[in-house]
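**Q** Structure below; questions to follow.
The values are calculated or read from the model by the stated rules, or taken from the named source; none is laboratory data. Keep in mind the model is a prediction, meaning the values are calculated, not measured. Ideal geometry is used to build each Cβ from the backbone, glycine not excepted, and the neighbour counts take in all protein chains shown. Each accessible area value is taken on the protein alone, full model and side chains, heavy atoms only, with ligands, DNA and RNA left out. Shrake-Rupley method; radii C 1.70, N 1.55, O 1.52, S 1.80 Å.
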Amino acid sequence: MRFAHQSKKAIGMMWYDGGWGWGGWIFVAIFIVLFWALVIAGIVALVRYLTGSHHGHQVGLPSSGNSGWGGRRAEDLLSERFARGEIEEDEYKRRLALLREHR
């Protein structure tokens, strides 16, 4: 009889939740989800930083710098547009000549 009483007490202790009830389980579940979300976000941020994709600027868009185009020369922008096929060779040469004429 003494053994049966102790085993019931041990089983009761394993399932004892300290008075939190379901609130404790919900809190733990939310905490675990938030913890893993932060771990995954940290890994993604680290990978983006190490691969150099954290710069986030697009070619041809003005930056927040004082010069309006991030200090890049107009000839560089024109060369990039030509390289991407946005303008034809004749237009590239005409615009390049204009830029160099009005320096």
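**Q** Could you order 27, 82 so the one with the most accessible surface comes first? Probe is 1.4 Å. Please list the in-between numbers first.
**A** Working: 27 120, 82 80 Å².
Solvent-accessible surface, decreasing: 27, 82.
**Q** Compare 94, 81 by solvent-accessible area with a 1.4 Å probe and give them largest first, with all protein chains kept in place.
**A** On the way: 94 130, 81 80 Å².
Largest accessible area first, the list is 94, 81.
**Q** Taking a 1.4 Å probe, which of 80, 75, 89 shows the most accessible area, and what order do the others take after it? The partial results should precede the final answer.
**A** Working: 80 55, 75 25, 89 90 Å².
The ordering from most to least exposed comes out as 89, 80, 75.
**Q** Report the label-to-label distance for residue 87 and residue 47 in nanometres (one decimal), using points 7 Å from each Cα along the Cα→Cβ vector.
**A** 3.9
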